[in-house]
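Taking it in order: structure first as structure tokens, then the write-up.
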Amino acid sequence: MPHLAIEYSANLEGRADIGALCERLLKTVLDTGLFEIGAVRVRAFRAEHYAIADELPENAFVDLNFRIGKGRTDDEKKRTGEAIFAAAIDVLGPLFDTPHFALSLEIREIDGELSWKKNAIHPRLRGK
């Protein structure tokens, strides 16, 4: 159930490679060894409308929301968060050269009793 949602301000178009960010974060999540490949999802959503801080038009953001199922230790969650955040900084690094960019990450645990899933990808990948 590891789903990483990337929300980003529309003014990053042409300033950041969001596709490369998705690919790098997918690899980073898998490299932790904590999540089954068939369950990982990374997707990005462009925010067309936003207001940031002092509303300068060059202000931009990327917000990472990583939802996971229960079952990992606090240390595992912290290491995963640190790895994801470091990878995002690596990809988005040039944006920090200006005083107009904000990056955030939050990890949320999903209550299994209140989460429903059906995944046809698992059987294919488990059969390898």
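The values are calculated or read from the model by the stated rules, or taken from the named source; none is laboratory data. What you see is a predicted model, and the numbers here were worked out from it, not measured in a lab. Reconstructed Cβ throughout: ideal geometry from the backbone, glycine too, with neighbour counts over all protein chains shown. Only protein heavy atoms, including side chains, enter the accessible area calculation; ligands, DNA and RNA are left aside. Shrake-Rupley method; radii C 1.70, N 1.55, O 1.52, S 1.80 Å.
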- Query: With the other protein chains left in place, how much accessible area per residue, in square angstrom, belongs to the chain at a 1.4 angstrom probe?
  - Reply: 61
- Using DSSP to define loop residues, name the GluC sites (Glu not before Pro) in segment 7-80 whose beta-carbon has at most 15 other beta-carbon atoms within 10 Å. GLU36, GLU48, GLU55, GLU58
- Probe 1.4 Å - accessible area at HIS100, Å² to nearest ten: 40
- Could you please state how large a percent of the accessible area of the chain is carbon and sulfur, counting protein chains only and using a 1.4 Å probe? 52
- Antiparallel DSSP beta bridges within the chain, as percent of all bridges there, nearest 5: 25
- Hand me the trypsin sites (Lys or Arg not before Pro) from segment 1-100 located in a DSSP loop with no more than 16 other Cβ atoms within 10 Å, in residue order please. ARG15, LYS70
- Item | Assigned charges on the beta-carbon of Lys, Arg, Asp, Glu; the chain dipole about Cα centre (debye) | 980
